[in-house]
1. Looking at Val119, is it without any contact (Cβ under 8 Å) to a residue 60 or more places away in the chain and among the aliphatic types (A, V, I, L, M)?
2. Among the candidates Gly72, Gly121, Gly93, Gly64, single out the residue that is at positive phi and in contact with a helix residue (DSSP H, G or I) (Cβ under 9 Å, 6 or more places away or on another chain).
3. When you scan the stretch 74-125, how many residues do you find that are under 21 Å from Ala251 (Cα atoms), part of a loop (DSSP other than H, G, I, E, B) and modelled with pLDDT under 95?
4. Could we say that Gly114 is surrounded by 24 or more Cβ atoms within 10 Å (Cβ to Cβ) and within 25 Å of the chain's Cα centre (by Cα) here?
5. Just one of Gly258, Gly208, Gly265 is on the phi > 0 side of the Ramachandran plot and more than 15 Å from the chain's Cα centre (by Cα); which is it?
6. Within the stretch 79-105, how many residues turn out to be buried (at least 22 other Cβ atoms within 10 Å of the Cβ), out of contact with any Phe, Trp or Tyr (no Cβ under 8 Å at 6 or more places or on another chain), farther than 18 Å from Glu260 by Cβ and among the small types (Gly, Ala, Ser)?
7. Considering every residue within the stretch 317-324, establish whether at least one is among the basic types (Lys, Arg) and either modelled with pLDDT of 95 or more or farther than 20 Å from Asp236 by Cα (or both).
Amino acid sequence: MSIAGHPAAFAVAAVLVTWPASAPAVTSAGALCPQPVAESLSSIGLQLAPGTSQPWAQRQLDPGRVWPLTRGTGVTVAVIDSGVDARNPALAGAVEPGADVVQPGQPADYDCIGHGTVVAGIIAARPRPGSAFQGIAPGAEILPVRQTQSDQQEAGGVRFLAQAINYAVSRGAEVINISITATSSTPALAAAVRNALDHDVVVVAAAGNDGTDLNAPKSYPAAFPGVLAVGAVGQDGQPLDFSAAGASVVAPGAEIVGPEAGGTGLVTGQGTSFATAFVSGVVALVRAYRPDLTAAQVVHRIEATADHPPGPLPDPRLGWGEIDPYAAVTAVLAPPSQPSSPAARLPLPPRPGPAPGQLPAVLTAAAALAVAAAVLGVALVVPAGRRRRWRPGPWNSAGHLDAARRRPAAAVQDAAPRGQPGGRHRAEQRTLVRAAGQHDPGGA
């Protein structure tokens, strides 16, 4: 699916916006939905998910290992998509009303397509009896922002995307999931992403479904510096044929299961859209457990704790590797080597000086004490030295300690405390590089 986006201010050409993954079938939300659900299902090509066993993606990532520590509670994840159906039992109590930027004044807690509902479910679906499916962060809250109302993007899709990002920031979202892509940037979209990053929001975006061509145009907003771009892998951990190059990390993207909008069941589909949702869920876990970390530090932690593939990193298609929820939350990483601002200190009160007219007396008393100490030292040390047959040390004719008796320089260097020259760890000497999402995975 694709549409020609409405040119934003100062943009010369139209921008193509695409869904990086197909969307599941839904039940229509009455007259608000432009076409019957059956038609949406037919055009998108997703099917109802059979059975109640745990999906392979949740089984492989195994987020339950970290749920005793964090379930993402208290973290708001904005899902910019087709809306989110709050009526599905898996999302009961997890979805805020949100907003529709296509038709201002409408909420976004219904979904005529079902794409956004699957994304939201992967992130934060609640446990329910009779179902083995849960989201990665089942304590997180979902803020839906509708950027499209049909299976074909409305004209002005890029403009709506920028508005949706700004709305999510204004509502205090700590994570923004963007499972749609544009073939190029506009000033408005770039400004919206910059606004999110400036407000310490982690932006997670799909790398796109443009295939394996390493020379293909980059997708936005995934290509913006600071954005966590996500590719898709199969059960074997290898990149899927449709997953575009340029990802920061990867996550499961085939045979993915999520809640059915307008119904009570589950649907299945594939794409980097759904891989992106897994990463957003892990980000929510980290933000809940480590609220002191900045958005940039969270992005780096996701990359640093990923299951790194062999060879030079980042890999063109796998980035830093497949996400690991447990390691992302619990790993102990080296402190950042970036220079930090000095800690604020309260000024010490000035020491009281001598009263007027007392300075000569103070100096005289201090001099007298110094002379007395010196005389006493000579009287005690010299007789004791003579009894022990003391002789002058190995000083040379120039008055310096003989070099043969000096402590080796290497020993002095090794003895230097950590944090000082000569005793510094390699990790403390690293420079953390964050440009274009390429970070040193061994740092903080």
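The values are calculated or read from the model by the stated rules, or taken from the named source; none is laboratory data. Predicted, not measured: the structure shown is a model, and the values here were computed from it. So basically every Cβ, Gly included, is an ideal-geometry build from the backbone, and we count neighbours across all protein chains shown.
1. Details: without any contact (Cβ under 8 Å) to a residue 60 or more places away in the chain: no; among the aliphatic types (A, V, I, L, M): yes.
No.
2. Gly72
3. Total meeting the criteria: 1.
4. No; evaluated as a whole, the condition is false for this residue.
5. Numbers: Gly258 fails: on the phi > 0 side of the Ramachandran plot; Gly265 fails: on the phi > 0 side of the Ramachandran plot.
Of Gly258, Gly208, Gly265, the one residue that is on the phi > 0 side of the Ramachandran plot and more than 15 Å from the chain's Cα centre (by Cα) is Gly208.
6. 1
7. No; the residues of the stretch 317-324 include none that is among the basic types (Lys, Arg) and either modelled with pLDDT of 95 or more or farther than 20 Å from Asp236 by Cα (or both).
So that you can scan it fast, the table gives a plain yes or no per residue for (1) within 10 Å of the chain's Cα centre (by Cα); (2) closer than 13 Å to Pro252 by Cα:
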position: Thr276; (1), (2): no, yes
position: Ala284; (1), (2): yes, no
position: Val298; (1), (2): yes, no
position: Arg301; (1), (2): yes, no
position: Thr305; (1), (2): no, no
position: Pro310; (1), (2): no, no
